[in-house]
């Protein structure tokens, strides 16, 4: 069990006054079997009302507008979560890829969104060729997943700034470099290309654990990994950027078909000048021994 506080600060600045702006946020942590939300608060400057709904994928979406002139917009998401180590029992599955393919063919309507191409996850010939090396029908699904997951640290280079959200998967495969969202999209595309359901996960990861002295990659702003559905079990998280399964260092914010479904902040504004964006994320482990027992129960957001 680990407990963290995550502060995600997003700031928009405008060359000239924006006369109006609208924003949509997906920064609220998910409640799962392995993730308990102690508290979550969003602070806005300028202060305006917010509204939220649950989207098609089960993510909490906040919306607000600033209907007056402003030079800056600041959004601070302040989260306190407790994370538990997920089970690795799905890795003991003896199911072969061909049996999993048969399962998804029979249940294709239930998994349609996670078997089909999506905006950032096209299934190209280059993807199919790369996937062949790992996803032969007679292989054990769990072994193939972990070998494919490992390939992104063995064959690819993590390089900040080498890609952007619109960089095609084929270019990532050709140049063998990218960042966490590229590796997640690419691995999802490989799995979907052979009929295995996979979904995109956004969130945060603890970059350095002083207790184990393990340093992980992908924590500059936010992190991306993926879930694979393993029949007879459930969704199982893997992190190709760090060659690991999801753990009590991974804090989940949203899931979807790809990044387009989970973008933390998006919106539009009216104004004659350009806008600039800065993002700052701080994830800090909370020492459980320092927390008095009487303070363990925090009021959850409604």
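The values are calculated or read from the model by the stated rules, or taken from the named source; none is laboratory data. Everything quoted here is computed from the prediction, not taken from an experiment. Backbone-built Cβ (ideal geometry, glycine too); neighbour counts: all protein chains shown.
Numbers below:
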quantity	calculated
Among the residues listed as 199, 252, 266, the single one being part of a strand (DSSP E or B), on the phi < 0 side of the Ramachandran plot, out of contact with any helix residue (DSSP H, G or I) (no Cβ under 9 Å at 6 or more places or on another chain) and at pLDDT 95 or above	252
Residues satisfying the stated conditions in segment 76-107, i.e. surrounded by fewer than 16 Cβ atoms within 10 Å (Cβ to Cβ), at pLDDT below 95 and over 30 Å from residue 6 (Cα atoms)	92, 94
Residues located in segment 158-177, provided they are at negative phi and free of Cβ contacts under 8 Å to residues at least 40 places away in the same chain	159, 162, 163, 164, 166, 167, 171, 172, 175, 177
Output for segment 51-76, where each listed residue is more than 15 Å from residue 252 (Cβ to Cβ), in contact (Cβ under 8 Å) with a residue 24 or more places away in the chain and assigned to a loop (DSSP other than H, G, I, E, B)	67, 68, 69
Selected residue (criterion: farthest from the chain's Cα centre (by Cα)) from residues of segment 50-66 that are under 18 Å from residue 10 (Cα atoms) and surrounded by fewer than 18 Cβ atoms within 10 Å (Cβ to Cβ)	65
Some residue of segment 118-131 being assigned by TED's automatic domain parsing to the domain that holds residue 181, surrounded by fewer than 14 Cβ atoms within 10 Å (Cβ to Cβ) and in contact with a helix residue (DSSP H, G or I) (Cβ under 7 Å, 6 or more places away or on another chain)	yes
Listing of helices (runs of 4 or more DSSP H) fully contained in segment 77-136 that carry 3 or more residues being within 24 Å of the chain's Cα centre (by Cα) and closer than 22 Å to residue 152 by Cβ	125-132
Unique residue being assigned by TED's automatic domain parsing to the domain that holds residue 97, part of a helix (DSSP H, G or I) and in contact with a helix residue (DSSP H, G or I) (Cβ under 7 Å, 6 or more places away or on another chain) when the list is 191, 173	173
Count - residues of segment 137-162 that are part of a loop (DSSP other than H, G, I, E, B) and either outside the structural domain of residue 184 (by TED's automatic domain parsing) or surrounded by 17 or more Cβ atoms within 10 Å (Cβ to Cβ) (or both)	1
